[in-house]
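Structure first, commentary second.
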Amino acid sequence: MTGAVPDVFDPRQYAQAIPHDRYRHLRDHHPVAWQEEPEVLGWPAGPGFWAVTRHEDAVRVLKDSRTYSSYLGATQIRDPDPADLPFIRRMMLNQDPPHHRRLRVLVSRAFTPKRVDRFETVVRERARSLLTRAVAEARAGDGTCDLVTQVTDDYALLNLTDLLGVPDDRGLLLHWTQRVIGYQDPDEAGTPVLGPDGKPVDPRSPASLRDMFDYAHALAAHKRRHPGDDVMTALATDPELTAPDLEMFFFLLVVAGNDTVRSAAPGGLHLLAQHPDAYGWLRNGNVELTTAIDELLRRHPPVLTFRRTATQDTELAGTRIRAGDKVVVFHASANHDERVFSDPFTLDLTRSPNPHISFGDGPHVCLGAHFARLQLRTLYEETCRALPPGPLQLAAPPRRLVSNFINGLKSLSVRVVSDA
């Protein structure tokens, strides 16, 4: 008896928790499951899609760009407006080889590990400063601090602005991120802008991104006049990079580059608060931090889903898929697949090997993974040093983002001063 196919689409359920019980039911009984796509939160209904929940199948989809395209319908579950699709396809994230390869090589020349590694000292000082200030404010107040609003939001944004060479416009960058990434959550996106038809305007549409692109071109012009050792200078002075390429790279780096760490960092801290023994091992230096970070990423992937579109009739896990069907990989489900990970809900900071797909797989594996790992490693090290001895104590349940795309926390309140 396999029962009905549970819904894992509705973004509102993710504000409560990741639906792991539903994921497991799908993995065990419906590994490639048809999902309805009803109207939700004012966003129009869609045609439905196939949810891919097992690790083996997810990796197959992510690696096989010939069969499962990022280009045909882009990479979000919800279909873009057909008029916006040619524009959205210009982004590297929404292209397939060989065109994707050309863009990835261009941005890789700017986003080098050597350039990233030079920022470690600045990143460490920033983590230390933000945590020290948060603890001081907690001691002057009610003994609690919100690690999201007081530490990790600024940490991710300011690290990215340093790497890109963007002025201290973190408020503007945070606004763009919330508008594009958090569009399903009223707290993040605010009241949706409505089009002439009365429906919300897609935050990825050209009209919605015009202010961001104008900023990118103004910044690029400044970098050509005043070059620095940063990613935006490298992009602005690359003769092979077109103006549309520059716009989409800026969009991708500012939004995706920011939100990867912005989502992963508090998620990892929340897990450590839930598992005091693991946090103690980390504090005492009893586990290798690189291995620990992979386990925290496995348990709390920053991205919940990525969509592909079938280019031809095919079969996946015994299910027939038609050309044009949407096929959506569920990262958090694949990362907890019992067929690959023993005791998947145990936080084992020594787990190795750990083939999680939190940074994707195949041609679209995360370009900024090295920078993200550097930031996470540094933040967790400095958290262990800056916060008082003892376990991380939650002062309130975390507030989660309303999203079936980003695994975000809007607040993570912890007690850093004893009541005694």
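The values are calculated or read from the model by the stated rules, or taken from the named source; none is laboratory data. Model, not experiment: these values are computed from the prediction. Here Cβ is always computed from backbone atoms with ideal geometry, including for glycine, and neighbour counts include all displayed protein chains. Accessible surface is based on the protein model in full, side chains and every heavy atom, while ligands, DNA and RNA are left aside. Shrake-Rupley method; radii C 1.70, N 1.55, O 1.52, S 1.80 Å.
Residues in region 70-83 that are open to solvent by 50 Å² or more (accessible area, probe 1.4 Å) and among the hydroxyl-bearing types (S, T, Y): Y71 only. For region 124-157, give me each residue that is farther than 14 Å from L379 by Cβ, part of a helix (DSSP H, G or I), free of Cβ contacts under 8 Å to residues at least 40 places away in the same chain and among the small types (G, A, S). Hits for region 124-157 are A136, A140.
Can you pull out the residues in region 287-302 that are open to solvent by less than 20 Å² (accessible area, probe 1.4 Å) and farther than 16 Å from R385 by Cβ?
I293, E295, L296, L297, R298, H300, P301, P302
Any idea how many residues of region 272-286 are surrounded by fewer than 16 Cβ atoms within 10 Å (Cβ to Cβ) and assigned to a loop (DSSP other than H, G, I, E, B)? Looking only at that region, the number is 3.
Yes/no per residue for (1) open to solvent by 10 Å² or more (accessible area, probe 1.4 Å); (2) assigned to a loop (DSSP other than H, G, I, E, B); (3) among the hydroxyl-bearing types (S, T, Y); (4) under 30 Å from T314 (Cα atoms):
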residue: G324; (1), (2), (3), (4): yes, yes, no, yes
residue: V327; (1), (2), (3), (4): no, no, no, yes
residue: L349; (1), (2), (3), (4): no, yes, no, no
residue: E381; (1), (2), (3), (4): yes, no, no, no
residue: R385; (1), (2), (3), (4): yes, no, no, no
residue: P388; (1), (2), (3), (4): yes, yes, no, no
residue: V414; (1), (2), (3), (4): no, no, no, no
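Of the residues making up region 234-257, those that are among the β-branched types (V, I, T), more than 17 Å from the chain's Cα centre (by Cα) and surrounded by 22 or more Cβ atoms within 10 Å (Cβ to Cβ) number 0. Of all residues in region 32-59, which are open to solvent by less than 20 Å² (accessible area, probe 1.4 Å) and either assigned to a loop (DSSP other than H, G, I, E, B) or closer than 16 Å to A4 by Cα (or both)? Passing the criteria: V32, A33, Q35, E37, G48, A51, T53.
Put simply, of L62, L72 the only residue that is part of a helix (DSSP H, G or I) and within 20 Å of M92 (Cβ to Cβ) is L62.
Scan region 149-171 for residues that are under 26 Å from F111 (Cβ atoms) and either of a type in the set (G, A, S) or within 19 Å of the chain's Cα centre (by Cα) (or both) and the total you get is 16. Taking region 1-18 as the range and being closer than 16 Å to R54 by Cβ and not hydrophobic (A, V, I, L, M, F, W, C) as the test, the residues that pass are T2, P6.
Considering (1) modelled with pLDDT under 95; (2) surrounded by 13 or more Cβ atoms within 10 Å (Cβ to Cβ), the lone condition that H20 does not fulfil carries the number (1). Just checking, does region 4-13 include any residue being of a type outside the set (V, I, T), open to solvent by less than 70 Å² (accessible area, probe 1.4 Å) and farther than 29 Å from L253 by Cα? Yes, that holds for at least one residue. Considering only residues in region 126-145 that are among the hydrophobic types (A, V, I, L, M, F, W, C) and out of contact with any strand residue (DSSP E or B) (no Cβ under 8 Å at 6 or more places or on another chain), the one that is most open to solvent (accessible area, probe 1.4 Å) turns out to be A140. Considering only residues in region 60-69 that are in contact with a Pro (Cβ under 9 Å, 6 or more places away or on another chain) and closer than 25 Å to N354 by Cβ, the one that is most open to solvent (accessible area, probe 1.4 Å) turns out to be K63. The number of residues in region 8-28 that are closer than 22 Å to D57 by Cα and out of contact with any strand residue (DSSP E or B) (no Cβ under 7 Å at 6 or more places or on another chain) comes to 9.
If you take the residues in region 146-165 that are closer than 15 Å to R400 by Cα and touching a helix residue (DSSP H, G or I) at 6+ places or on another chain (Cβ under 7 Å), which one is most open to solvent (accessible area, probe 1.4 Å)?
D153
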